[in-house]
1. Among the residues of region 88-101, is there at least one that is assigned to a helix (DSSP H, G or I), surrounded by 14 or more Cβ atoms within 10 Å (Cβ to Cβ), under 13 Å from the mean Cα position of the chain (by Cα) and of a type in the set (Ser, Thr, Tyr)?
2. Of all residues in region 7-21 being under 14 Å from the mean Cα position of the chain (by Cα) and surrounded by 18 or more Cβ atoms within 10 Å (Cβ to Cβ), which is nearest to ARG129 (Cα to Cα)?
3. Is it the case that THR111 is farther than 21 Å from LEU4 by Cβ, in contact with a helix residue (DSSP H, G or I) (Cβ under 7 Å, 6 or more places away or on another chain) and in a helix (DSSP H, G or I)?
4. Restricting to region 80-131, count the residues that are modelled with pLDDT of 90 or more and farther than 14 Å from HIS21 by Cα.
5. Can you spot a residue in region 67-78 that is within 15 Å of ILE24 (Cβ to Cβ), of a type in the set (Val, Ile, Thr) and at pLDDT 95 or above?
6. If you check LYS81, LYS48, which single one turns out to be within 26 Å of GLU30 (Cβ to Cβ), without any contact (Cβ under 8 Å) to a residue 12 or more places away in the chain and assigned to a helix (DSSP H, G or I)?
7. Return a yes/no flag: does region 53-66 have any residue that is surrounded by 12 or more Cβ atoms within 10 Å (Cβ to Cβ) and more than 22 Å from LYS121 (Cα to Cα).
8. Taking the conditions exactly as written (more than 21 Å from THR76 (Cβ to Cβ) and modelled with pLDDT of 90 or more), does PHE50 satisfy them or not?
Amino acid sequence: MAILNWNEKMLIGQKAIDEDHEKIANLMNEFHEKQDCDNGFIGSILQKLFDYIDSHFHAEERILKLIKYEGLENHTKEHEKIISKVKDYREKCEMGQISKEQVLDLMSSITIRHFLKEDMKFKEALTNRKA
């Protein structure tokens with residue numbers, strides 16, 4: 001059973017951002033459904049997560065800069081905190097000090113707290129820019 005069922009209410013209105021958000025939510029759901037997760041598998045999930053969000057955050061920041069989003073500086077700081085946390089989890093994983101539950105909590109925080117709360121703050125700015 002999925003942790004998060006992606007739906008229209010979660011869309012920002014910018015295709016690339018929305019597709020990235022859904023891809024990361026799907027990664028979380030696939031990881032949640034996996035029964036046997038050894039340290040190597042957890043490490044591979046953390047690497048995919050890092051790759052996805054690193055690319056996504058850079059693209060998102062470029063878009064926010066283009067629309068002159070007032071909250072860009074704070075939003076970028078949030079991205080930096082998340083990247084740092086994922087890097088920390090990767091290091092802990094290499095030492096065998098991270099659990100599936102901890103990684104799922106991190107992924108939930110990214111998808112629910114960041115994507116569905118923080119990113120929604122710039123949805124109106126994107127919509128107004130298109131108009």
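The values are calculated or read from the model by the stated rules, or taken from the named source; none is laboratory data. Here the structure is a predicted model, which is why all the values come from computation and not from measurement. Neighbour counts are summed over all protein chains in view; Cβ atoms, including those assigned to glycine, are modelled from backbone coordinates with ideal geometry.
1. no
2. ILE12
3. no
4. Number satisfying all stated conditions: 29.
5. Checked against the condition, which is being within 15 Å of ILE24 (Cβ to Cβ), of a type in the set (Val, Ile, Thr) and at pLDDT 95 or above, region 67-78 yields no hits at all.
6. LYS81
7. For region 53-66, residues surrounded by 12 or more Cβ atoms within 10 Å (Cβ to Cβ) and more than 22 Å from LYS121 (Cα to Cα): absent.
8. In short, no.
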